[in-house]
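See below for the structure under consideration.
Read the figures in this text as sums done on the coordinates, not as results from a lab. Note that the coordinates shown come from a computational prediction; the quantities given were computed from them, not determined experimentally. Reconstructed Cβ throughout: ideal geometry from the backbone, glycine too, with neighbour counts over all protein chains shown.
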Amino acid sequence: MKCFADRRLLRMTERHGLKVSTAKASNGTEGEKQLAFGISIGMRMWEEQPGEEKPESVREYETVGYVVRGSAQLEVNGQTLDLKAGDSWLVPKGARHRYRILEPLTAIEATSPPQH
């Protein structure tokens with residue numbers, strides 16, 4: 001992904017603001033749009049369709065998110081969270097979790113540290 005590969009751009013975020021237009025955002029390795037990022041936090045947008053349940057995963061970073069439209073279920077360490085437009089969520093660092101998309105979904109996610 002070119003915007004994160006450019007170390008000069010990352011160093012610039014230490015002193016300057018950064019604007020990322022969704023229309024020009026790079027695609028991440030899992031189909032997400034890579035939005036604004038800094039040294040300690042990053043934001044990305046997911047646009048997902050209902051289908052197969054996502055495999056369970058454990059990440060070494062913390063994630064918070066916000067559902068813009070649609071709905072999904074999120075399982076975190078055995079707890080099921082029903083998410084719909086207007087809801088936000090937290091997946092703690094090291095938590096076992098998986099998502100199931102129930103309706104076409106647009107969600108914004110922030111991770112610390114940033115994932116790219």
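Points worth noting:
- Residue satisfying condition, being polar (S, T, N, Q) and surrounded by 15 or more Cβ atoms within 10 Å (Cβ to Cβ), within set 112, 71, 88: 71
- Residue match in the stretch 28-36 (condition: outside any strand (DSSP E or B), surrounded by fewer than 16 Cβ atoms within 10 Å (Cβ to Cβ), touching a strand residue (DSSP E or B) at 6+ places or on another chain (Cβ under 9 Å) and of a type outside the set (Lys, Arg)): yes
- Beta carbons closer than 8 Å, at least 6 apart along the sequence or on distinct chains, pair a first residue in the stretch 53-81 that is over 21 Å from residue 42 (Cβ atoms) with a second that is among the polar types (S, T, N, Q) and exposed (fewer than 14 other Cβ atoms within 10 Å of the Cβ) for 73/80.
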